[in-house]
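To start, the structure under review is shown below, and the notes come after it.
The values are calculated or read from the model by the stated rules, or taken from the named source; none is laboratory data. Source: prediction; values computed, not measured. Cβ sites come from the backbone with ideal geometry, for glycine too, and all protein chains shown count toward neighbours. Areas reflect the complete protein model, heavy atoms only, side chains present, ligands, DNA and RNA absent. Shrake-Rupley method; radii C 1.70, N 1.55, O 1.52, S 1.80 Å.
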Amino acid sequence: MKDLSKYTKEISELFSSTDNILLICHINPDGDAVGAQLAMYFYLKAAGKNVTMISPNYMQEFLKWMEGTDEICIFIRDRKKCINLIKEAGLIVLLDFNKPNRLGEAEQYVMSASAPKVIIDHHLDPDDLGSLVISEPSFCATAELVWELIREIEGKPFASPPFADAVYTGIITDTGNFEHGSYTPDTLRIVAELLEQGVAKNRILNLIYNNFSADRMKLQGFALNERMVVLPEFKTAYIYLSKEDLLSFNHVKGDTEGFVNLPLSISGIVFTAMFIEKDGFIKLSFRSKGKFPSNEIASGYFFGGGHCNASGGEYSDTLDNTISYFLNVLRENAWRFNENI
Ligand code: 5GP
Ligand code: MN
């Protein structure tokens, strides 16, 4: 296990320095962002702190069962309240991201807040956003990092049912239920500890993976049948969905989650992309196998970033133009596909 003891003195002092702690996750929060945020929330609440939470925008539908999500203030919905929370906070903890633009419309308020800021994150190349940057890319999930950090601070694992559910959710969603290679023996030791604590494993797996609408299943079928393009010469496959496509399947937030992983199971494919049409821009998700650095494509061409095997970005153009640009990017990067990957 990576030694986190170098952080404990400073973070303990920051936690002790105030009673008002604000936790903020990244825009379009996924299971790990919400899981890490809620795990920290339950720990600090148990320590007697006044803890508040903000998400820049709405979380995915399939996370709303999690205890504590009702307490998260949505910046784009409760703007005034969130701005006040940011102003009043004695300490701001930023979870599961390391670039200011991941704060969405909350960015200017958070960045100019007077409170000290702590980043707890597992992405590469952190910006220096805070007084304390706890950046540990070897952890498969920020929720895992939060669990270990608290164990280090307390000298023993913290145990509470909603805390365990939050950490477990963060770990299974960021590892694709242990399908991505990012988890380690230490992850499994933490999961073992969570199971021993009685985490509601089957319930959570059902809520996350067996909780889809019929429309979502049909959208998945449509995406694979009608909107997937396989490019064997680039070991790449991509899926694109227009606003109209989404509308015709009564799309709700989170419905396309996981689609980008599906073509990775095609033999010989090492890189996948998904293009989702939004208002005025295209949201991109990338996945890869092995050493293919999807995040270099995301940061080099699509104003994004992320991990080697899971990254994303965006592009302000039409769907057709974005796909043409992507094909040019593949041509420019053709050498990467000839490497031993
Ligand atoms: P997803 O494809 O699930 O939306 O995102 C996968 C990962 O890519 C996220 O965990 C995050 O690390 C990264 N990511 C996605 N979109 C962006 C983006 O627009 N900017 C940056 N910097 N990272 C992103
Ligand atoms: Mn994460």
Return a yes/no flag: does the range 140-148 have any residue that is surrounded by fewer than 19 Cβ atoms within 10 Å (Cβ to Cβ) and either among the small types (G, A, S) or part of a loop (DSSP other than H, G, I, E, B) (or both). no
Give the residue, chosen from R227, R189, that is among the basic types (K, R) and over 29 Å from F249 (Cα atoms). R189
Only residues that are surrounded by 14 or more Cβ atoms within 10 Å (Cβ to Cβ) and in a loop (DSSP other than H, G, I, E, B): list them for the range 226-251, please. R227, K235, S242, F249, H251
Matching residues in the range 119-128 (under 21 Å from K9 (Cβ atoms), within 16 Å of ligand 2 (Cβ to nearest atom) and either in contact with a helix residue (DSSP H, G or I) (Cβ under 8 Å, 6 or more places away or on another chain) or open to solvent by 40 Å² or more (accessible area, probe 1.4 Å) (or both)) number 3
Considering every residue within the range 265-274, establish whether at least one is surrounded by fewer than 21 Cβ atoms within 10 Å (Cβ to Cβ), part of a helix (DSSP H, G or I) and touching a strand residue (DSSP E or B) at 6+ places or on another chain (Cβ under 9 Å). no
Identify the residue in the range 49-73 that is in contact (Cβ under 8 Å) with a residue 12 or more places away in the chain and surrounded by fewer than 16 Cβ atoms within 10 Å (Cβ to Cβ) and, among all such residues, is farthest from K253 (Cα to Cα). N50
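Looking at the range 231-249, which of its residues are farther than 17 Å from F292 by Cα and in contact with a helix residue (DSSP H, G or I) (Cβ under 8 Å, 6 or more places away or on another chain)?
I239, Y240, L241, S242, D245, L246, F249
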Any idea which of F178, F139 is assigned by TED's automatic domain parsing to the domain that holds F15 and touching a helix residue (DSSP H, G or I) at 6+ places or on another chain (Cβ under 6 Å)? F139
Check N28 against each of (1) away from ligand 2 (no atom under 16 Å from the Cβ); (2) outside any strand (DSSP E or B) and name the one condition it does not meet. (1)
Over the range 278-295, the set of residues open to solvent by 30 Å² or more (accessible area, probe 1.4 Å), more than 16 Å from ligand 2 (Cβ to nearest atom) and under 13 Å from G312 (Cβ atoms) is K278, F281, K283
